[in-house]
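The structure under discussion appears below in the form of structure tokens.
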Amino acid sequence: SYTIGVGAANNASPANTGSASGGYAVAAGALATTVMTNKAVYRSNESVTMTASVSAGGKPVINASVSFKIIKPNGTSVVKTATTDASGLASMIYRLSRKDPKGAWQLQDNASYLGTSANAAANFSVQ
């Protein structure tokens, strides 16, 4: 990331000066993401820990927005969002209830950063 500073002065009136600063980040390479759960098989009332890894040019991307979409066997879905940390990782927890359907579930992640995005998917089951 880069910091930009700007200053201005009025030579006719030296008391009138101003300054401002800002920053921007450059992502090197295409955005890439992977997603996983901490287990392959769950039971009711367990917690599913979802983790997405986001990188660009092989380096972790900090502050990327990650949307986790959990698709249940009955077609309903739940969306949770997180932001990547200094390691390029974002995690969320979904607590399974006794009412959640048994069977094959899908987890999709959409990562976005500086106008680019990447997607990944994983599967797990609830017994």
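Around E46, under 13 Å between beta carbons, what's the net of Lys plus Arg minus Asp minus Glu among the other residues? Cβ neighbours under 13 Å give a net charge of +4.
Across the protein chains, with a 1.4 Å probe defining accessible surface, the residues T84, T34 rank T34, T84 from largest area downward. Potential lengthening of the chain between K99 and N63 amounts to 9.5 nm, from the contour at 0.36 nm per residue minus the alpha-carbon distance.
One decimal place: the segment E46-S117 gains 22.5 nm when fully extended, by the rule 0.36 nm per residue minus the C-alpha distance. With each label modelled as a point 7 angstrom along the Cα→C-beta vector, the N74-K39 pair spans 2.2 nm.
The values are calculated or read from the model by the stated rules, or taken from the named source; none is laboratory data. Owing to the predicted nature of the structure, the values given are computational and were not obtained by experimental measurement. Methodologically, a virtual Cβ is constructed for each residue, glycine included, from the backbone with ideal geometry; neighbour enumeration extends over all protein chains shown. We work out accessible area using only protein heavy atoms, side chains counted, and drop any ligands, DNA or RNA first. Shrake-Rupley method; radii C 1.70, N 1.55, O 1.52, S 1.80 Å.
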